[in-house]
Amino acid sequence: MLPTLFISHGSPMLAVEPGVYGCAWKQIADSLPRPRAILVVSAHWTTHQPVVSTAAQPVTIHDFGGFPSTLYDIHYPAPGAPVLAERAQALLSAAGVVTSIAPDRGLDHGAWVPLRHMYPDADIPVTQLSVQPGLDAAWHMKLGEVLRPLREEGVLILGSGSLTHNLYGAVFDDASVEPSEAYAREFQSWLHAALVQGERDALHAWQSLAPHAERAHPTPEHLLPIFVAYGAGGGHPEVERPLANFSL
């Protein structure tokens, strides 16, 4: 059975300047059995209810602006996974989760930036599942629990977001407050401990319990994929942290 993953996908520039992150992503992929297909739960696809893509050949979405032109020339031509999308929809629907199909949704940078380094040949079928920022961590953990059987079918469930995501927090606010690194590390340490210890009630209430939660995530969409990945990990998942770092 494949594990589930959560990746902080960082800036789109990691597609061309991967640094330690690209190496870490590649090492993770190399350590795993080859997936039959990949289901990416990306922070960059937000909907009111879950949607999966049945695109047979998903386009590469350049969902950002203001970057060097070379970034917009990159394409990740992986085949789509419409059969997997339909299987995911069936599992969710059987659990009472209303789920829609998007016939032509491509791969946003939350998917193709890390996959470009993990599986550079782009030869593994990929589809995406959206997140619902209007719903909470418990909801997204439930989605993961329902999708867990996919792991036994050779599917890699990959959550892609960021452990902290406050673009305004990337610089020091002023001399009277802690630097970005300090608050980010404190938030991430709390989250990591709660995941390792299986404190699901605390995780469900992360916005009120985690230190600096509002500063770390002014909006929740970049953290929601971790709860899908965690839910798909089973009742008492073993948590590993291959790369301990922070991003904003």
Which one is farthest from Gln57 (Cα to Cα) among residues in the range 14-24 that are open to solvent by 10 Å² or more (accessible area, probe 1.4 Å) and touching a helix residue (DSSP H, G or I) at 6+ places or on another chain (Cβ under 7 Å)?
Tyr21
Name the single residue, out of those in the range 110-142 being in a helix (DSSP H, G or I) and open to solvent by 10 Å² or more (accessible area, probe 1.4 Å), that is nearest to Leu32 (Cα to Cα).
His117
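Condition check ((1) within 22 Å of Ala232 (Cα to Cα); (2) touching an Asp or Glu at 6+ places or on another chain (Cβ under 9 Å)) across all residues:
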| residue | (1), (2) |
| --- | --- |
| Gly22 | no, no |
| Leu32 | yes, no |
| Val51 | yes, no |
| Ala55 | no, yes |
| Asp63 | no, yes |
| Thr70 | no, no |
| Asp73 | no, no |
Any residue at all in the range 160-173 that's open to solvent by less than 40 Å² (accessible area, probe 1.4 Å) and at pLDDT 95 or above?
yes
For the range 84-106, give me the residue count where each residue is out of contact with any strand residue (DSSP E or B) (no Cβ under 6 Å at 6 or more places or on another chain) and within 15 Å of Pro35 (Cβ to Cβ).
1
Within the range 13-38, which residues are part of a strand (DSSP E or B) and closer than 11 Å to Met118 by Cβ?
Ile38
Provide a single number: the residues in the range 189-203 that are in contact (Cβ under 8 Å) with a residue 24 or more places away in the chain and touching a helix residue (DSSP H, G or I) at 6+ places or on another chain (Cβ under 8 Å).
4
If the Cβ limit is 8 Å and pairs must be 6+ apart or interchain, which residue in the range 11-36 that is closer than 26 Å to Phe64 by Cβ pairs with which residue that is open to solvent by 60 Å² or more (accessible area, probe 1.4 Å) and hydrophobic (A, V, I, L, M, F, W, C)?
Pro12/Phe67; Met13/Phe67; Val20/Leu243; Tyr21/Leu243; Ala24/Leu243
Identify the residue in the range 39-95 that is of a type outside the set (A, V, I, L, M, F, W, C), free of Cβ contacts under 8 Å to residues at least 24 places away in the same chain and not in a loop (DSSP other than H, G, I, E, B) and, among all such residues, is most open to solvent (accessible area, probe 1.4 Å).
Ser69
What are the residues in the range 186-242 that are in contact with an Asp or Glu (Cβ under 8 Å, 6 or more places away or on another chain), under 24 Å from Pro149 (Cα atoms) and open to solvent by 50 Å² or more (accessible area, probe 1.4 Å), if any?
His204
Quick one: is Val98 assigned to a loop (DSSP other than H, G, I, E, B) and out of contact with any helix residue (DSSP H, G or I) (no Cβ under 6 Å at 6 or more places or on another chain)?
yes
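The values are calculated or read from the model by the stated rules, or taken from the named source; none is laboratory data. Predicted, not measured: the structure shown is a model, and the values here were computed from it. Because the Cβ atoms are built from the backbone with ideal geometry, glycine has one as well, and the counts that use them run over all protein chains shown. Side chains included, ligands, DNA and RNA excluded: accessible areas come from the protein's heavy atoms. Shrake-Rupley method; radii C 1.70, N 1.55, O 1.52, S 1.80 Å.
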